[in-house]
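What follows is one structure encoded as structure tokens, with my remarks underneath.
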Amino acid sequence: MEETTFTKRQVLRKSAISFAIFILVGFMVYFGYQWVKRQPKIAGAPRPLRESLNFNEQVSSRLFDSSRLVKEYPVSAAEKKVRFNGSDGLRDSVNSGTWRLRVVRSAGDTLQISLSELKALPKKEIVFDFKCIEGWSQVTHWGGVPMKTFIDHYRLGPESQLKYMGLQTPDKGYYVGIDMPSALHPQTLLCYEMNGRALPLREGFPVRLIIPVKYGIKHLKRIGTMFFSNEKPPDFWAERGYDYYAGH
């Protein structure tokens, strides 16, 4: 076999070329970043970034399969000390006896649903790997009413034909927009229990959203109002430059 040898000059030449390429790429990244920063913002993000996020959303939503379930685990696998992340919308006190879930129907009337009425509906429990957009995940155990069961019971069929569901905390300090196929996914819950007990205050007592096909930024704590729209509802983190769809 013929052995390849390099002279000192050849080594220096290749090193110089590699270094020049590295410097060129560095300049391209820097000036590209500066160019992106100067672009007008759309919904909290520079135009090129928001357009990329919108493209990703279109691809993800077309690939979404409502019959595909997130992996579930045995109750024994659930973390007993659930990680707390975020208190937006939870700073006011709440009374479970007077709390009502306000459901704004497309016809213009508003349902006022109590916690006891919600608990009277068929209950479902789920243990899944809760994923945060920050990069951590945790197997957690939740219980509540499947969103689809809730929609059917309260005859919200016309509303469920719209493209989006909007959710807000009672103080409107936190709010999300959910695409309707994800909202009606069989594992999406109007959740009132964690680890077999009532939700802790910091986890959204009395009722929160659990939507396993989305990252944690969409799992709104302490739901006050639900409404429906063909236009994207306001979304707390999307307004701050994050992905609106937030699916994984």
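The values are calculated or read from the model by the stated rules, or taken from the named source; none is laboratory data. Everything numeric in this text was worked out from a predicted model, so none of it was measured. Neighbour counts are summed over all protein chains in view; Cβ atoms, including those assigned to glycine, are modelled from backbone coordinates with ideal geometry.
Condition first: over 17 Å from LYS218 (Cα atoms) and either aromatic (Phe, Trp, Tyr) or loosely packed, with under 10 Cβ neighbours inside 10 Å (or both). Now tell me which residues in region 69-87 satisfy that.
Those that are over 17 Å from LYS218 (Cα atoms) and either aromatic (Phe, Trp, Tyr) or loosely packed, with under 10 Cβ neighbours inside 10 Å (or both): LYS71, TYR73, PRO74, SER76, LYS80, LYS81.
Consider region 228-240. How many of its residues are more than 29 Å from LYS71 (Cα to Cα) and in contact with a helix residue (DSSP H, G or I) (Cβ under 9 Å, 6 or more places away or on another chain)?
Residues in region 228-240 being more than 29 Å from LYS71 (Cα to Cα) and in contact with a helix residue (DSSP H, G or I) (Cβ under 9 Å, 6 or more places away or on another chain): 0 in total.
In region 166-197, which residues are closer than 23 Å to ASP109 by Cα and surrounded by fewer than 15 Cβ atoms within 10 Å (Cβ to Cβ)?
Correct list: ASP171, LYS172.
For the structure I just gave you, tell me whether GLY108 is on the phi > 0 side of the Ramachandran plot and modelled with pLDDT under 95.
yes
Would you check which residues across region 189-220 are under 12 Å from the mean Cα position of the chain (by Cα) and either assigned to a loop (DSSP other than H, G, I, E, B) or more than 19 Å from LEU101 (Cβ to Cβ) (or both) and list them?
Once the filter is applied, which keeps residues that are under 12 Å from the mean Cα position of the chain (by Cα) and either assigned to a loop (DSSP other than H, G, I, E, B) or more than 19 Å from LEU101 (Cβ to Cβ) (or both), region 189-220 yields ILE211, PRO212, VAL213, LYS214, TYR215, GLY216, ILE217, HIS219, LEU220.
Search region 115-165 for residues being free of Cβ contacts under 8 Å to residues at least 40 places away in the same chain and β-branched (Val, Ile, Thr), and hand back the single one that is surrounded by the fewest Cβ atoms within 10 Å (Cβ to Cβ).
Looking at residues that are free of Cβ contacts under 8 Å to residues at least 40 places away in the same chain and β-branched (Val, Ile, Thr), I get THR149.
Hey, among the residues in region 88-105 that are of a type in the set (Gly, Ala, Ser) and surrounded by fewer than 16 Cβ atoms within 10 Å (Cβ to Cβ), which one's modelled with the lowest pLDDT?
SER93
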